Amino acid sequence: MGFFADSLNRIQLSQTMGISAKARALAAEGRDIIVLSQGEPDFNTPDNIKEAAIRALRENKTRYTDIDGVPELKDAICGKFKRENGLEYNRSQISVSTGGKQVLYNALLATLNPGDEVVIPAPYWVSYADIVLLGGGKPVEAPCTQAHGFKLQPDVLDKAITPKTKWFMFNAPCNPTGAAYTRDELKALTDVLMRHPHVWVLTDDMYEHLIFDDLKFYTIAQVEPGLYERTLTVNGFSKAYCMTGWRLGYAGGPKPLIDAMRKLQSQSTSNPSSISQWAGIEALTGPQDFIPKNNEAFRERRDLVVSMLNQAKGIKCATPQGAFYVYPSCEGAIGKTTPGGKKINNDEDFVTALLEDTGAATVHGAAFALSPFFRISYASSLDVLEDACARIQRFCASLK
């Protein structure tokens, strides 16, 4: 018998983090590296949020808290859901964890049994499928094609659902594509879900506030109240509030599910950082004016990146309406050879050669379950992005 658990063999190291680590290692060797592989805003946490954390420290709010969040933070989250999403929750329906990833982990491990299926629109964030696998479930991909703007179509969702389906996991605006949905497009999906009452919905709204071109954000339980009792609405502070390192995520959902998630968390991490929780209260209840300012910067960056990538030989890049990613096709580069003699057989070869030859770190599409594409995070300054895209243009022009 082996020493390590068999369940560990079902998953792999996060590929986005792995590529970022490789990029940092090359930088440590003195290479000129531009990291576009990690989904992290380059803006600092707003001062009022930092001051709330400092105040909590001075007031000695440094002890253990309730397992899944202090009452004051739960109240702030309830207020946020009502104010921004039209969803009514009470404290007993709120779970706070150490980042949005732990919220997903808690929900899936608390509910999955061997053979349970989880439908996930593909391409998807790298951790979704692995968390399902770790919980003993089976990820079922629902393909979202470039022809449809990487948006899930109702007939594709309907076809993916079987009697074994327990969850439908949904993320919009989407990581990695930036795809966002209108209310009508969401309603078409919720109509399908209403026909399958055994399917629960986990909607990851982490990029809710990162949405462009006058598109209005809606969440699934808001569009279809009939799904409220079987929907877990997940969100967090990392993206819109520039709090990636604070590790704080939350969800609202049916009390029995929240209770199960609390039970699991009580035997893993227990409470999230007390200081982060008090900072989170300020984030949700304090000034929000920096969000549209940041969004305008992201939109300007998006437009630059899309324009420059579409000028690169063999690259085609759609214009996303949310998040801070683009997901261009590198199909035109497949089959070609680098000046150093390396053959580009797939998107992983493409991003590997791109990093080694130019120092631009991106993530291959296979990591997100759809090839031949690659993901670029444009959460960097315009100067950095212009430099990176120029490197990509030169690299693509050099392929033979």
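Can you work out the FRET efficiency for the pair Lys50 and Asn346, with r the C-beta to C-beta distance and R0 = 51 Å, to the nearest 0.05? Show your work: numbers first, answer last.
Details: r = 43 Å, r/R0 = 0.85.
Given R0 = 51 Å and the Cβ-Cβ separation, E is 0.75.
Starting from the 7 Å offset along Cα-to-Cβ, what nm value, one decimal, do you get for the label separation of Asp383 and Glu356?
Label at Asp383, label at Glu356, 3.1 nm between them.
Give me the accessible area per residue for the chain, probe 1.4 Å, as a whole number in Å². Please list the in-between numbers first.
On the way: 16930 Å² over 400 residues.
Per residue, the chain has an accessible area of 42 Å².
Tally Lys and Arg at +1 and Asp and Glu at -1 over the other residues with C-beta under 15 Å from the C-beta of Pro339: what net charge comes out? Write out the running numbers ahead of the final one.
Values: positive: Lys313, Lys336, Lys342, Lys343, Arg391, Arg394, Lys400; negative: Asp349, Glu356, Asp357.
Once all neighbours under 15 Å are counted, the net charge is +4.
Taking all pairs of different Cα atoms in the stretch 15-71, averaging 1/r and flipping that mean, what Kirkwood radius in angstroms comes out?
Computed over the stretch 15-71, the radius equals 15.0 Å.
Please work out how much length the chain gains when fully extended from Asn113 to Glu229, using 0.36 nm per residue of separation minus the C-alpha to C-alpha distance, in nm with one decimal.
Net length gain for the segment: 39.7 nm.
Given an 8 Å cut-off on Cα distances and at least 6 residues of separation, report the relative contact order of the chain as a percent.
22 percent
Ranking request for peptides 265-274, 155-164, 324-333, 4-13: highest mean number of other beta-carbon atoms within 10 Å first, then the rest in descending order.
By packing density, highest mean first, the sequence is 324-333, 265-274, 155-164, 4-13.
Using a 1.4 Å probe on the protein heavy atoms, what percent of the accessible area of the stretch 42-125 belongs to carbon and sulfur?
Looking at the stretch 42-125 in its full context, I get 48 percent from C and S.
What area, in nm² and to one decimal, does the C-alpha convex hull of the stretch 248-322 cast on average over all directions?
Averaged projected area of the stretch 248-322's Cα convex hull equals 8.7 nm².
Taking the alpha-carbon centroid of each part, what is the distance from the stretch 316-377 to the stretch 31-75 in angstrom?
33 Å
Where does helix 255-266 land angle-wise versus the long Cα axis of the chain, in degrees 0 to 90, nearest 10?
The angle comes out at about 70 degrees.
As a quick test, which of the pairs Lys61/Lys216; Lys239/Lys343; Lys80/Lys293; Lys50/Lys166; Lys293/Lys336 have an alpha carbon distance above 31 angstrom in this structure?
Beyond 31 Å between Cα atoms: Lys61/Lys216; Lys239/Lys343; Lys50/Lys166; Lys293/Lys336.
So what is the orientation-averaged projected area of the chain, using the convex hull of its C-alpha atoms, in nm²?
20.7 nm²
Between the stretch 4-22 and the stretch 221-250, what's the alpha-carbon centroid distance in Å?
Cα centres, the stretch 4-22 to the stretch 221-250: 25 Å.
Looking at Pro197, Tyr181, Leu210, which one has the Cα that reaches farthest to the positive end of the dipole of the stretch 168-212 (charges on Cβ: Lys, Arg +1; Asp, Glu -1)?
Sorting the options by dipole projection puts first Pro197.
Assuming 0.36 nm per residue, please report the length gained on full extension of the stretch Lys187 to Tyr64 beyond their Cα-Cα distance.
40.1 nm
Please give the peptides 22-28, 281-287 ranked by average Cβ packing (other Cβ atoms within 10 Å per residue), highest first, as a rough proxy for protection.
281-287, 22-28
I'd like the carbon and sulfur percentage of the solvent accessible area for the stretch 156-197, probe radius 1.4 Å, heavy atoms only, ligands and nucleic acids excluded. Spell out each step's value before the answer.
On the way: 920 of 1650 Å².
Here it works out to 56 percent.
Which value at 222 nm does the chain reach when only helices count, each DSSP H run of 4 or more adding -39,500 (n - 2.57), with the total divided by all residues and rounded to the nearest 500 deg cm²/dmol?
-12000 deg cm²/dmol
Determine the dipole magnitude for the chain: charges of +1 sit on the beta-carbon of Lys and Arg, -1 on that of Asp and Glu, nothing else is charged, the reference point is the Cα centre, and the result goes in debye to the nearest 20. Show your work: numbers first, answer last.
Numbers: 43 positive and 45 negative charges, 106 e Å.
Rounded to the nearest 20 debye, it is 500 debye.
Hey, with R₀ at 30 Å, roughly what FRET efficiency would Glu296 and Glu88 work out to, going by the Cβ-Cβ distance, to 0.05?
Plugging the Cβ-Cβ distance into 1/(1 + (r/R0)^6) gives 0.40.
Run the Debye formula on the Cα coordinates of the stretch 175-330, all scatterers equal and no solvent, and tell me log10 I(q)/I(0) at q = 0.12 1/Å.
-0.68
The values are calculated or read from the model by the stated rules, or taken from the named source; none is laboratory data. All values reported here derive from a predicted model rather than from experimental measurement. As a convention, Cβ positions derive from the backbone with ideal geometry for all residues, glycine included, and neighbour counts pool all protein chains shown. These accessible areas exclude ligands, DNA and RNA; they are computed on the full protein's heavy atoms, side chains included. Shrake-Rupley method; radii C 1.70, N 1.55, O 1.52, S 1.80 Å.
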